[in-house]
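I have placed the structure first, in the form of structure tokens, so that the comments after it can refer back to it.
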Amino acid sequence: MIVRVQAEDFDTGAELADFAADRQDVGAVVSFTGVVRDSDAMLDRMEIEHYPGMTERALTDIAATAMSRWELADALVIHRHGALRPGERIMMVATAAAHRRAAFEAADFLMDYLKSRAPFWKKEVTRAGENWVAAKDDDEAALGRW
Amino acid sequence: MIVRVQAEDFDTGAELADFAADRQDVGAVVSFTGVVRDSDAMLDRMEIEHYPGMTERALTDIAATAMSRWELADALVIHRHGALRPGERIMMVATAAAHRRAAFEAADFLMDYLKSRAPFWKKEVTRAGENWVAAKDDDEAALGRW
Amino acid sequence: MTLDILYFAWVRERIGEPRERLETSAKTVAGLVEELRAREPRYAAAFADLSALRVALDQELADFDAPLDGVREVAFFPPMTGG
Amino acid sequence: MTLDILYFAWVRERIGEPRERLETSAKTVAGLVEELRAREPRYAAAFADLSALRVALDQELADFDAPLDGVREVAFFPPMTGG
């Protein structure tokens, strides 16, 4: 299980190349990468604040829950903080399992919990001003799926 | 939309690095990579046969269906054929979307259809002999989810 | 009517070749299968259980009762196991 | 009892500092919130609507009626928006 919270960028490909390598029981690897979106070309940057200490603990708990609920060979969570420009990677999760269903479901679960239960907060800094991204009811409701 | 059928290996990381790059409306990228599994250390190789012509057509149809059913910025499908050793990559799919739900669902859909509707057949060559992998009822039933 | 018939996976192995060209007057896939079964034991073996087989007409999946009108290429194979 | 109180996101901005050390006799988070609200308008503003806030005790999410017994660190923040 790998959990990292960092300001630096990461390389999804390099992470996946190392992830669950040399595990003969892995048939399926799912990854999710979150990217700073700028649909209306207004965003200067996204500022991601977090709660050092609690963040690592919350992500580790979420990953451990995934490992215990699905038959996973491994799980990985990387989340950045600080100021990120449009197009930059924000975070990734990856899951490795014998079968595809477990890998998909566990990655989906990790994302739902990470959205609403890991102490990160996003502020959008646009040409029109700054605003804290509000939590979506949908995201809270998504936890009910599990 | 990218569809490739090839004997050569591919690099999941390099593919993801190029995939949907420079699209400002992409917030979520999901990838699935299938790997030759050898849980009981008996497998010498997996031989993947396919139907040249129909394969490309079927994969393109499946990817186009995903693009029309979900709001995707892009979709990618790569599938290898020939003899593959344990630990080698067999195939990958990737989806890019504004939001995570569409990216996850479309990747899951691509995999379910690719399993049962693209003309590939797997033969396991083990120390105990050869056998064609049988289609699973589960895999056919999975299509009912969509 | 001249058809290219293709075989894949264990169907190919049982019949012993990957493809052949055939002159037929069969109207449907089922009619063609009957014709093939009658040829030789290896065909009868390959086509013994149609529920274990799939068919594609000109590279599109089809049913066994589909007409062969205008078709150029017929492929027989077991259920697919990609991914 | 001495507590470290942490603020994040717009709670931090409204209160004007990321953390402070506080001497309190409050028994629960709700009691502590009452004490903070009474201090200054900026606290009253930050804690105006508890439904818009979340609280963590020693880095674990908790409810506002949770006891402060043995707690060292209390954090207030809006609903999380990771991912």
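The values are calculated or read from the model by the stated rules, or taken from the named source; none is laboratory data. Computed from a predicted structure; not experimentally measured. Cβ sites come from the backbone with ideal geometry, for glycine too, and all protein chains shown count toward neighbours.
For beta carbons closer than 9 Å, sequence separation of 6+ or different chains, a first residue in region A:8-23 that is more than 7 Å from every other protein chain (Cβ to nearest Cβ) and a second that is at pLDDT below 90 and loosely packed, with under 12 Cβ neighbours inside 10 Å, there are no qualifying pairs. Filtered by the rule that a residue be out of contact with any Ser or Thr (no Cβ under 7 Å at 6 or more places or on another chain) and assigned to a strand (DSSP E or B), region B:19-42 gives B:A28, B:F32, B:G34, B:V35. Just give me the residues in region B:72-113 being of a type in the set (A, V, I, L, M, F, W, C), within 15 Å of B:D11 (Cα to Cα) and within 11 Å of chain A (Cβ to nearest Cβ), in sequence order. Result: B:I90, B:M91, B:M92, B:V93, B:A94. Of the helices (runs of 4 or more DSSP H) lying entirely inside chain C, those containing at least 2 residues that are over 11 Å from the mean Cα position of the chain (by Cα) span C:9-15, C:41-46.
Every test in (1) at the interface with chain B (Cβ under 9 Å from one of its Cβ atoms); (2) modelled with pLDDT under 95 is passed by A:M42 save one, and that test is (1).
Tell me the residue from B:W132, B:W121 that is surrounded by fewer than 22 Cβ atoms within 10 Å (Cβ to Cβ), within 14 Å of chain C (Cβ to nearest Cβ) and farther than 25 Å from A:V35 by Cα, please.
None of the other options fit; the residue is B:W132.
Quick check, is B:A103 closer than 18 Å to A:L16 by Cβ and out of contact with any Lys or Arg (no Cβ under 9 Å at 6 or more places or on another chain)? Give the steps one after another, and end with the answer.
Details: closer than 18 Å to A:L16 by Cβ: yes; out of contact with any Lys or Arg (no Cβ under 9 Å at 6 or more places or on another chain): yes.
Answer is yes for this residue.
In the condition set (1) modelled with pLDDT of 95 or more; (2) crowded, with 18+ Cβ neighbours inside 10 Å, B:T65 is compliant with all but (2).
Which is within 28 Å of B:D138 (Cβ to Cβ), out of contact with any Pro (no Cβ under 6 Å at 6 or more places or on another chain) and free of Cβ contacts under 8 Å to residues at least 40 places away in the same chain, of C:E23, C:E60, C:E35, C:E17? None of the other options fit; the residue is C:E60.
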